[in-house]
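Here's the structure we're looking at; comments come further down.
The values are calculated or read from the model by the stated rules, or taken from the named source; none is laboratory data. None of these values were measured; they are calculated from a predicted model. With ideal geometry, Cβ positions are generated from the backbone for all residues, glycine too; neighbour counts draw on all protein chains shown. All accessible areas refer to the heavy atoms of the entire protein, side chains included, with ligands and DNA or RNA removed. Shrake-Rupley method; radii C 1.70, N 1.55, O 1.52, S 1.80 Å.
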Amino acid sequence: MTDINSDIELKEPIKMEDVDPEFKYEIADTDEGKTILYCYQCGTCSSSCQSACADLYPHQIIRMALLGLKKEVLNSKSIWICTTCYDCIERCPQGVEVANVLFAIKNIAVKENIIPKGFKLFAKNIFRMGRGAEITDMQEDERDDLDLPPVPKVDKEAIKKMLKKVNFEEMIESKEGK
């Protein structure tokens with residue numbers, strides 16, 4: 001069965017052995033996810049979500065997390081779509097910090113090496129070049145033709161040093177993401 005508004009497909013009924021009742025507490029025990037337990041599923045976050053048309057329905061993700069569907073939530077592409085506009089947080093009548101809860105879920109996914117390939121590539125570029133995408137000579141020439149200043153240089157070594165302190169390289173170099 002598939003919810004029309006979700007990228008998560010449940011092919012068969014949920015079995016209790018596939019449910020992790022501690023998942024909601026794992027999220028709530030993080031600084032970002034501390035408000036997840038306040039959610040009473042009004043749907044205000046989803047109705048104000050700018051990414052809802054791209055398959056992000058935050059109340060569904062939170063509900064599944066509260067139900068203990070850890071594997072489904074962590075493997076959902078929806079958790080990576082949030083644009084962090086914070087409309088959901090501003091409008092939530094219960095004070096659920098929805099965007100932050102999604103950060104907590106993504107952090108848990110990263111710890112379990114569930115990272116979309118595109119994000120892993122982006123992360124590798126940041127580690128290698130100090131930015132998400134390489135600036136080519138052609139792009140610099142175009143900027144020059146438009147009388148724009150060169151793209152600012154980044155201190156790659158300082159970025160690498162900071163990222164090494166949080167074991168960033170190990171996370172992105174471990175087995176391939178999904």
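When you scan segment 20-37, how many residues do you find that are open to solvent by less than 80 Å² (accessible area, probe 1.4 Å) and in a loop (DSSP other than H, G, I, E, B)? Result for segment 20-37: 6.
Residue-level check: of (1) part of a helix (DSSP H, G or I); (2) surrounded by 13 or more Cβ atoms within 10 Å (Cβ to Cβ); (3) at pLDDT 85 or above, Ile114 misses just (1). Before we move on, is Gly43 free of Cβ contacts under 8 Å to residues at least 60 places away in the same chain, surrounded by fewer than 15 Cβ atoms within 10 Å (Cβ to Cβ) and among the small types (Gly, Ala, Ser)? Against the criterion (free of Cβ contacts under 8 Å to residues at least 60 places away in the same chain, surrounded by fewer than 15 Cβ atoms within 10 Å (Cβ to Cβ) and among the small types (Gly, Ala, Ser)), Gly43 qualifies.
Identify the residue in segment 156-168 that is closer than 13 Å to Met129 by Cα and in contact with a helix residue (DSSP H, G or I) (Cβ under 9 Å, 6 or more places away or on another chain) and, among all such residues, is most open to solvent (accessible area, probe 1.4 Å). First the steps, then the outcome.
Here is the first cut: in segment 156-168, the ones closer than 13 Å to Met129 by Cα are 156-161, 163.
Those still in the list that are in contact with a helix residue (DSSP H, G or I) (Cβ under 9 Å, 6 or more places away or on another chain) too: 156, 159-160, 163.
Numbers: Lys156: 93, Ile159: 39, Lys160: 54, Leu163: 22 Å².
Applying the filter and picking the extreme gives Lys156.
Residues that are modelled with pLDDT of 95 or more and on the phi > 0 side of the Ramachandran plot within segment 44-71 comprise just one, Gly68.
If you go through segment 91-111 and pick out every residue that is open to solvent by less than 10 Å² (accessible area, probe 1.4 Å) and more than 14 Å from Ile79 (Cα to Cα), you end up with 1.
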